[in-house]
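Below is one structure, written out as structure tokens; comments come after it.
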Amino acid sequence: MPRLKPDTQRARRETILDAAELCFARAGFHRTTMQDICAEAGISAGALYVYFKSKEDLIAGIAERNRTKLADELKKVAAAPDLVSALGALGEHYAVDEPLHKRLLCIEIGCESTRNPAVGEIFRSVDSFCMNSLVDLLERAATEGRIAPGMEPRQLAQIIAVIGDGLFWRRAVDPAFDAQALMPAVMRLVALLLNPTDPMPAYGSQTPDPKVIP
């Protein structure tokens, strides 16, 4: 059998990962078989196993592809003249523009990570990469005077991540959810976190006004 050219190999690998994403999102990690992925990709089992030996290998391949994509996107955000607008465009890309099956896939991998050690290691590695990349971006922006947050960058990054996770989850589980309609309000909130108009007090640090306590 003739050896495939590098470009053809890369294209086939991408086709397999695309098929795995669809299958995992549609049927879940456990119900999906390697045969299902072969059928979706239109290849033989022998061709699939040249690239990926298991479903965990496929999850690792998907994760690495997503990590590379995000790294490139964050470089563009860091170079953008308007950081808030760039973050908003990136958030809209993930919460609105990407196909629904990618949000379902995120939920599926997250759930599987709680019971499958191999998937858990992959999930936590990608999650740490995303968080650390966002922290680095915010730290640089604060140092350059582009933002003036009222909290330290890691705490701010965690809050932004929680907002993003909420958008992804709601879109995945609620067919009526309109993420695009909510994005302007979400970005106003993020803009306020990045450049608060007043110092933000620590949670629970204010003494309640006794006149408003029943």
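The values are calculated or read from the model by the stated rules, or taken from the named source; none is laboratory data. Computed from a predicted model, the values in this text were never measured in an experiment. Ideal geometry is used to build each Cβ from the backbone, glycine not excepted, and the neighbour counts take in all protein chains shown. Protein only, heavy atoms only, side chains kept; ligands, DNA and RNA dropped before computing areas. Shrake-Rupley method; radii C 1.70, N 1.55, O 1.52, S 1.80 Å.
What is the distance in Å between the Cα centres of segment 72-112 and segment 116-166?
Between the Cα centre of segment 72-112 and that of segment 116-166, the gap is 13 Å.
Give the carbon-plus-sulfur fraction of the accessible surface of the chain in %, rounded to a whole number; probe 1.4 Å, heavy atoms of protein chains only.
Values: 7420 of 12740 Å².
Using a 1.4 Å probe with all protein chains present, the chain comes out at 58 percent carbon and sulfur.
Given the chain, what count of lysine pairs have C-alpha atoms under 29 Å apart, with each pair 8 or more places apart or on different chains?
10
With a 1.4 Å probe and all protein chains in place, put 143, 15 in order of accessible area, largest first. Spell out each step's value before the answer.
Values: 143 120, 15 65 Å².
Output order, biggest surface exposure first: 143, 15.
Take the alpha carbon atoms of segment 64-124, find their radius of gyration, then divide it by 2.2 N^0.38 Å using N residues; give the quotient. Each step should come with its number before you reach the end.
Values: Rg = 14.0 Å, N = 61, 2.2 N^0.38 = 10.5 Å.
The value comes to 1.34.
Under the Karplus relation 6.51 cos²θ - 1.76 cosθ + 1.60, θ = phi - 60°, what is the ordered set of whole-Hz ³J(HN,Hα) values for segment 120-126, x standing for Gly and Pro?
x, 5, 5, 4, 5, 5, 5
Trypsin sites (Lys or Arg not before Pro), restricted to segment 1-62: which are DSSP loop and have at most 13 other Cβ atoms within 10 Å?
Details: sites: 3, 10, 12, 13, 26, 31, 53, 55; in loops: 3, 31, 53.
Within segment 1-62, the qualifying trypsin sites (Lys or Arg not before Pro) (loop, at most 13 other Cβ atoms within 10 Å) are 3, 31, 53.
At each listed q (0.11, 0.12, 0.17, 0.20 Å⁻¹), what is the log10 of I(q)/I(0) that the Debye formula gives for segment 38-152 modelled as equal alpha-carbon point scatterers?
-0.49, -0.57, -0.97, -1.17
Leaving out ligands and nucleic acids, and using a 1.4 Å probe, what accessible area per residue does segment 1-127 come to in Å²? Can you show the working numbers first?
On the way: 6980 Å² over 127 residues.
Ligands and nucleic acids excluded, the result is 55 Å² per residue.
Could you tell me what a quarter of the Cα convex hull surface of the chain works out to, in nm² with one decimal place? Write out the running numbers ahead of the final one.
Working: hull surface 65.4 nm².
For the chain, the mean projected area of the Cα convex hull comes to 16.4 nm².
Return one number: the angle in degrees, 0 to 90 and rounded to the nearest 10, between the long axis of the Cα atoms of helix 83-92 and the longest principal axis of the Cα atoms of the chain.
50
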